[in-house]
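Read the structure below first, then the notes.
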Amino acid sequence: MNGNRTQTVAVLGGGPAGSTVATLLAEKGFKVGIFHTGKRPPLIVGESLLPAVIPMLRKLGVEEEVKSFSRHKPGATVTLSKDETITSYFSRAKGKLPDYAYNTPRDKFDETLLQRAKQAGCVVFPHTAGIVRLDDNRIGLDNQTLLKTDGFFEDGVDWIVDASGRSRVIARTEMIKTVEGDRKDWALFAHWDKVKIIDEGNIHVDYLERGWNWRIPLKDRVSLGVVINPTHLIAHGTTAEEQYDHYVRSDERLREFTEGGKRITPVVKFNNWQNINERFYGKNWVCIGDAAGFIDPVFSTGLYLSMKSAFRVADVIAAGGEESALAAYEQDWKWEVKIWRRVIDSWYNGRLFTLYRAGMAQSKNPVGKIIAPHVEMHLSRVFTGDAINGSGYSRGLHSFLTRFFLFGFDPADLTVK
Ligand SMILES: Cc1cc2nc3c(=O)[nH]c(=O)nc-3n(C[C@H](O)[C@H](O)[C@H](O)COP(=O)(O)OP(=O)(O)OC[C@H]3O[C@@H](n4cnc5c(N)ncnc54)[C@H](O)[C@@H]3O)c2cc1C
């Protein structure tokens, strides 16, 4: 409450981060308006969840609904070379998290969370929000935006939460600097009626001659995405469709995966997806989800980080939005992302799965037989999201082993080109 009146929150964007923070704040007694146009690309990227998302879905009370349109995901399958495939099941992590996740069509997933926010009492304005800079590191909604809210914010806007995804509305207006990732890959993806899948329900991630790809089995289709340096892609055509189709046809492994299948949606293209704001908050505003920062998607961390930031920020605002609490949120987020980026780097520089190769070779000797299951358990925790939040032992082990435990195997063989 601000004096005697209920505090108001304007949430920019009704994606997973926005709907989540809105729901939680409405349930804590705030008056919440979400700006959400509903205009999105034909496909929304980010279809594979981590087990670390499940407890958040449960807290929001939407897991059963998400389950009804999603595919059960027991783990991940990685193809290193033509005859070398690794299957990692979340159950082997034996950690604190559920041993499954879901692959989910994002239009339905996002709609479920938005409906949940409405159910909690949030009002959705079907408009894009515009903002203005005010004095003293504060931000307000611009007049055009306010005019479309029918007096909802007539007593003022106490908090603005930027959940506008990669539009990064506040960061752009405030000219907040960003830290960019090293890689400048592009991702192109589409849905297929069928694509070869080795382990039912698992996300499949495959090394390619150039770049890598994902295969995400959904309920009635498969999402196939390729991630590749644009210099390789340009040779395949000019439009996203031409580039994607030609690339899929010309790569031996992709040709094999898609044999007998048909692309059933347009191709959607993404670039520039590694970007972290130098600053996450001001006097009356805070960024969450991709609007705060986003990292390479190879380990499906996006929705987990986005929803986690929404939970954290809802608590911070409800507790009064002290600057120290906002600073702690930003610091913790950046710390966690630093660890994820280390793991992601070990995918790109080849060390992570060279470690698996080395582990397989060592597992035949007596000491290796004892150590291998232990190592597998802790590395699986990295993929569930548990390692990052847990005691630190698993991530320490990952860091140590990928540096010192490769037994002569050359990571260059598995470097993503
Ligand atoms: C190639 C690629 C693959 C990925 N794969 C995965 C994956 O497998 N698993 C995973 O978990 N994550 C994945 N991600 C990341 C995931 O897509 C994002 O992290 C996630 O969607 C972020 O959620 P969000 O709510 O922060 O933003 P978004 O989902 O982008 O939602 C933001 C919303 O705000 C709206 N908006 C923008 N500007 C305004 C405005 N001015 N006013 C009102 N609304 C506005 C947008 O239209 C949008 O609806 C991937 C990302 C990429 C690029």
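The values are calculated or read from the model by the stated rules, or taken from the named source; none is laboratory data. Model, not experiment: these values are computed from the prediction. Heads up, the Cβs are rebuilt from the backbone with ideal geometry, glycines too, and the neighbour counts pull from every protein chain shown. Note: areas computed on protein heavy atoms with side chains; ligands, DNA, RNA excluded. Shrake-Rupley method; radii C 1.70, N 1.55, O 1.52, S 1.80 Å.
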Can you list the helices (runs of 4 or more DSSP H) lying wholly within segment 349-417 that have 2 or more residues being modelled with pLDDT under 70 and surrounded by fewer than 20 Cβ atoms within 10 Å (Cβ to Cβ)? 366-384, 393-404
Failed condition for Pro42, given (1) within 12 Å of the ligand (Cβ to nearest atom); (2) assigned to a loop (DSSP other than H, G, I, E, B); (3) touching a residue at least 40 places away in the same chain (Cβ under 8 Å): (1)
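Would you point out which residue out of Gly75, Gly38, Gly13, Gly61 is open to solvent by 10 Å² or more (accessible area, probe 1.4 Å), within 29 Å of His191 (Cβ to Cβ) and touching a Phe, Trp or Tyr at 6+ places or on another chain (Cβ under 9 Å)?
Gly13
Matching residues to (1) open to solvent by 50 Å² or more (accessible area, probe 1.4 Å); (2) in the same structural domain as Gly289 (by TED's automatic domain parsing); (3) in contact with a strand residue (DSSP E or B) (Cβ under 7 Å, 6 or more places away or on another chain):
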| residue | (1), (2), (3) |
| --- | --- |
| Phe125 | no, yes, yes |
| Val132 | yes, yes, yes |
| Asp136 | yes, yes, no |
| Asn143 | yes, yes, no |
| Leu146 | yes, yes, no |
| Phe152 | no, yes, yes |
| Val161 | no, yes, yes |
| Met175 | yes, yes, no |
What single numbered condition from (1) within 11 Å of Ala117 (Cα to Cα); (2) within 11 Å of the ligand (Cβ to nearest atom) fails to hold for Glu47? (1)
May I ask you to verify whether Ala52 is within 13 Å of the ligand (Cβ to nearest atom) and aliphatic (A, V, I, L, M)? yes
If Arg116 satisfies all but one of (1) touching a residue at least 24 places away in the same chain (Cβ under 8 Å); (2) open to solvent by 70 Å² or more (accessible area, probe 1.4 Å); (3) assigned by TED's automatic domain parsing to the domain that holds Glu323; (4) charged (D, E, K, R), what's the number of the condition it fails? (2)
Of the numbered conditions (1) surrounded by fewer than 21 Cβ atoms within 10 Å (Cβ to Cβ); (2) touching a helix residue (DSSP H, G or I) at 6+ places or on another chain (Cβ under 8 Å); (3) closer than 29 Å to Val161 by Cβ, Asp99 satisfies every one except a single condition; which is it? (3)
Would you kindly identify the strands (runs of 3 or more DSSP E) lying entirely within segment 54-156 that contain at least 3 residues that are among the small types (Gly, Ala, Ser)? 75-81
Here are some conditions: (1) within 12 Å of the ligand (Cβ to nearest atom); (2) out of contact with any helix residue (DSSP H, G or I) (no Cβ under 8 Å at 6 or more places or on another chain); (3) at pLDDT below 95. Asn275 meets all but one. Which one does it not meet? (2)
